[in-house]
Each structure stands twice: as structure tokens, then as C-alpha cells.
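Written out below as C-alpha cells is the structure these notes cover.
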Amino acid sequence: MADLAPPVSNRDAKRPMGAWRKPTVVALVMALVLTGCASDAPQSALDPAGPYARTLDGLFNPVMWVATAVFVLVQGVIVYSVFKWRRRAGDDDDAMPAQLHGNTKLEIGWTILPALVLALVAIFTIPVIFELHAKPADALEVSVTGAKYWWGYTYGTQPEFGITQADGIVTANELHIPAEQTVLLRLTSPDVIHSFWAPRLNGKADVVPGREHTWLLEADKPGVYSGQCGEFCGTSHANMRLKVVAHDQAGWDDWVERMQRVPLEPVTGSAARGFQLFAQKGCSGCHQVDGAYETVAPNSPAAPNLTHLFSRDCFAGCIYDLNDRNEMEAWLRNPQRKAGSLMVVGALSEQEIDDLYAYLETLE
Ligand code: CUA
């Protein structure tokens, strides 16, 4: 057996000069690089585009200053202590430091002080909680469904917003709203907990099965605001994206008019064959198409209403581009390309895919 080296105290183990420098330099460079991450981020909560997001952003600043003060104070005391009571040359290696137990004044102090800090934060926060949970009477109301793994939107009949159709408007993934208009979302889920999050328009709102949560949105200007599910919900949580499209008045009127038009049933050619296949292959068991396939099979999983599919730019939780035909064909070949997708379709021939695509394209 080899002789064991005699134990050495830490003091004797000579660290090579500058061994600490490398990790420090790496950490500093990382910090510098990471601060640059959000220069043109489309989903920055720090770049609010509407009054509710601005209110939240306004909360961010005072809370951050309070947190900064606490950080500086606590770190300052730690750094001070480390230097003041460090081991110095000539100290006895084996001597124990003075052993203390308990300090009533200090313990009362560090119980009361954080409570006061939290009370201060609450003074800023509580009014915001009430503001964000108000239910303004003049809001456009939209029911939002967060399902595995896509978003559904139902606009009930609201003549003041041009929605006159008895069963309102149903769409998916892209939420359309008028700009400069308060929108009241009513959120629920048929399966698991999701979270609706369009960071430039408001914070996250949990979407919980068996409950209805309300949440407010408003965009200052027309534009497209991206978002995503903000609560881990399963394999394709990261693929559960969304868009909020805010329109000016003319754009909103056009959209509402288009959404209330029932698409014509194709009677000839590839699209007509696709129309038949839509039923034969079971698509209509889950996907509703107004005026053609109105009722889905009982107990079918929640699936997007496809009446105006081609009015949208994205599909399958907004992860694929609807303007790219290859994306849709790939999807029809294998809906499992999006992990955890609940869509089931048997093997389709390339001809059937072309026909189905031709039919879907008429759904604009
Ligand atoms: Cu839905 Cu995460």
C-alpha cells in the first residue's frame, strides 16, 4: 500500500497565483454579454406597449430599487465581515473563533426589518392587483381557451364591436383586438394549467381547468405582439405560442366582416375532394368548420376551429408559418412533428395531402 501523504492545512496548500481570476473574468464577461440579450426582443415586459403593461412596468422600478437597497445592504455587511474578521498571518491555525449563541436584539431586528420592506412593496403592489382585475363595462370580451398546445378565442355577439353573428366569432392562436380598446379576457382550460402571456400588453394570467380567470389587455397602437404560454403544461409547452394582432378601426372592421362570412363549399376539383376527405379522414370529428362541419364528435379533444384558417399567419400553437405550404404538408404527414400534439390522422397519400390542402386553402 502506498504511503498516504501527511495532511496539509489549507494555509500550506499553495494555490497558483491567479487561479481565481479565470472564473471571475468569465463571470464578468457573461454578465456583460447577457445584459445585451434584450436589445430587440419582441417579448420584453420592459418595453410595454399598452396601459396595463405600463402599470406593471411602473411597479418593476420601485420594487427593483427596494431590492437593490436590500442587496447592497446585505452584501455590504457580508463583505465587511469577511474582511474584518478574516484569518490573518500569525493567527493560530487551530484556535476556534469565539462561539456565540443567539442575539435577541439582532433577531428581532432582522425579523421586523424584512416585514417593513415587504409592507413597503405591498403599498406599491396592492393597487396594481386591483387595477389589473377590474372588469370595465365597455371592454371587448373574449373567451380564451388554453389547450394542449394551442390557444382558442371566442368572441360572443357584441354589436358595439361589429360582432352581430348569433354564435359570434371563433378563431385560434392569433387574438385580434382593436387598438386603444380595453379587452377583457375570460380564461379557462379543458385540460391542464396554462398561462396566457403577451408580455408587452400585460403580465401572465393563469389559465386553470374548472375556473374562469379574467385578465385585461390593451394596445396603444396597431401592431403584432407576440406571446406564449407562461406555465409549464407538458411536452409542447415551449411550442404554445400566440400572437395578439391589434388593428386600427378600419382593420378591425375588415377582420370582423371577414370572420362573419361563411366560406363557400367547394364543388369541383381538388378542393372538393379535400372537402370529402376532411370528413372521411376524421378531421371533422375534432375541427369545426362553420357552414359545413358544425358539430364535432362527442369527447373529442379540443381542436382549433378552422372556418377561417387561412385568415391566420401561423398554426399549431403559432409555431408554423401558414404562408409556407411545405409546413402545412409536413404537418398533415405527421402532426407529431410537434411533440405531444393531440392530432391523430392516419397515413395520407401525397394526393390526399394535396386535396386536403386545396380545401383548407378555401377556408379564408
Ligand atoms: Cu400551455 Cu405551457
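For this structure, a couple of remarks:
- Meeting the requirement of 1 or more residues that are surrounded by fewer than 19 Cβ atoms within 10 Å (Cβ to Cβ) and in contact with a Pro (Cβ under 7 Å, 6 or more places away or on another chain), the helices (runs of 4 or more DSSP H) wholly within region 265-364 are 269-280, 350-362.
- If you go through region 210-228 and keep only what is away from the ligand (no atom under 12 Å from the Cβ) and open to solvent by 40 Å² or more (accessible area, probe 1.4 Å), you end up with GLY210, ARG211, GLU212, HIS213, ASP220, LYS221, PRO222, VAL224.
- Only one of the numbered conditions (1) open to solvent by less than 40 Å² (accessible area, probe 1.4 Å); (2) in the same structural domain as ASP206 (by TED's automatic domain parsing) is not met by THR125, and that is (2).
- Residue check for VAL33: at pLDDT below 80 and within 26 Å of ALA89 (Cβ to Cβ): no
- Subset of region 229-263 that is among the polar types (S, T, N, Q) and more than 16 Å from the ligand (Cβ to nearest atom) - its residue that is farthest from the chain's Cα centre (by Cα): GLN260
- The one condition from (1) hydrophobic (A, V, I, L, M, F, W, C); (2) out of contact with any Asp or Glu (no Cβ under 6 Å at 6 or more places or on another chain); (3) within 12 Å of the ligand (Cβ to nearest atom) that ILE193 does not meet is (2).
The values are calculated or read from the model by the stated rules, or taken from the named source; none is laboratory data. The shown structure was predicted, so the numbers you read here are calculated from the model rather than taken from an experiment. Backbone-built Cβ (ideal geometry, glycine too); neighbour counts: all protein chains shown. These accessible areas exclude ligands, DNA and RNA; they are computed on the full protein's heavy atoms, side chains included. Shrake-Rupley method; radii C 1.70, N 1.55, O 1.52, S 1.80 Å.
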